[in-house]
1. Work out how far the C-alpha atoms of region 23-155 reach from end to end along every principal axis, then list the three figures in whole Å, largest first.
2. Can you list which of the GluC sites (Glu not before Pro) found in region 125-231 are DSSP loop residues with at most 16 other C-beta atoms within 10 Å?
3. Just to be sure I understand: of the beta bridges DSSP finds with both ends in region 3-240, what percent are antiparallel, rounded to 5?
4. State in Å² the accessible area per residue of region 3-240; use a 1.4 Å probe, count heavy atoms of protein chains only, and round to the nearest integer.
5. With each run of n ≥ 4 DSSP H residues scored as -39500 (n - 2.57), what mean residue ellipticity at 222 nm is computed for the chain after dividing by its residue count and rounding to the nearest 500 deg cm²/dmol?
6. Taking amide hydrogens as modeled 1.01 Å from N in the peptide plane, which residues meet the under 5 Å criterion relative to residue 2, leaving out close sequence neighbours?
7. Over all directions, average the projected area of the Cα convex hull of region 12-92 and note it in nm².
8. Which of the lysines could be linked to residue 135 by a straight reach, that is with a Cα gap under 25 Å, when you skip same-chain ones fewer than 8 residues away?
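The values are calculated or read from the model by the stated rules, or taken from the named source; none is laboratory data. Please read these numbers as outputs of a predicted model, since none were measured by experiment. Glycine also receives a Cβ, built like all others from the backbone with ideal geometry; neighbour counts cover every protein chain displayed. Surface areas here come from the heavy atoms of the whole protein model, side chains and all, with no ligands, DNA or RNA. Shrake-Rupley method; radii C 1.70, N 1.55, O 1.52, S 1.80 Å.
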Amino acid sequence: MLTLKEGAFFVADAHENEDRRGFWNFLQALEKGEICTPQLFLMGDIFDLLVGEISASHTFAKPYIASLENLCEKMEVYYLEGNHDFNLSCFFQKVRVIPLQNQPLILHTSKGKKEKFFLAHGDIFLNPFLQFLLKSLRNRFLLCFLNVLNFLTFSSISKQILARQKRKNLFYKIENFKILAYKRYEKYQAKGAWVIEGHYHQNLFLKEERVKYFNLPSFAYERSFFVVKFAPEVKFEKQQLRGQNV
């Protein structure tokens, strides 16, 4: 049984790229001990593009991968794959990678509080067509073919993806997202447990009698991450990275 520890950090949707380096500063602050945690949960889409079979996506991520592996000497690191970063097990030996098919990751609290948490990037329980597309995109034979095509076209495919991502608005509000949150909570069959997701970037926190749901904002917005506290009740405290200090 996996245990969620008090003081755990949650980071979602950093969408790191050559023009956006906030997550790198966050990792440096952790390595230097300027911020500390027993557990780090990366909730997916940490990079704009990182795919195991797409070699053009590897170079930018190499120092991040090395840093995360080093941090495993100090803390537990869990990486829940998203829809921009997947097939990651080839990169990590110490980081615990949670692929889409193994989400949600289920944890319990320590100290006998009997709280339960369902963690996922947020791209599960979608409509059948989208689920088919996401599964197809993770097919290694297709990705190897695309990698060869990308190489032969001088990385035109990966460059187009990254260029489009740089133009993407990460900070939009979804109308009536609260209604969608209720529907998504039901799909988890969590029965009073917590559901924690990224993907939608909405920063919506619901704590009601039968629904405990938190949709994390994009880390890229205000470089915000969240620390879990247990006393007197479970809560998620927002913190912001300023330079390399909180």
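1. 53, 37, 21
2. 175, 208, 209, 222
3. 45 percent
4. Spelled out: the 1.4 Å probe surface of region 3-240, per residue, equals 49 Å².
5. -9000 deg cm²/dmol
6. Under 5 Å from the amide H of residue 2: 108.
7. Projected area, direction-averaged: 4.8 nm².
8. 159, 166, 168, 183, 187
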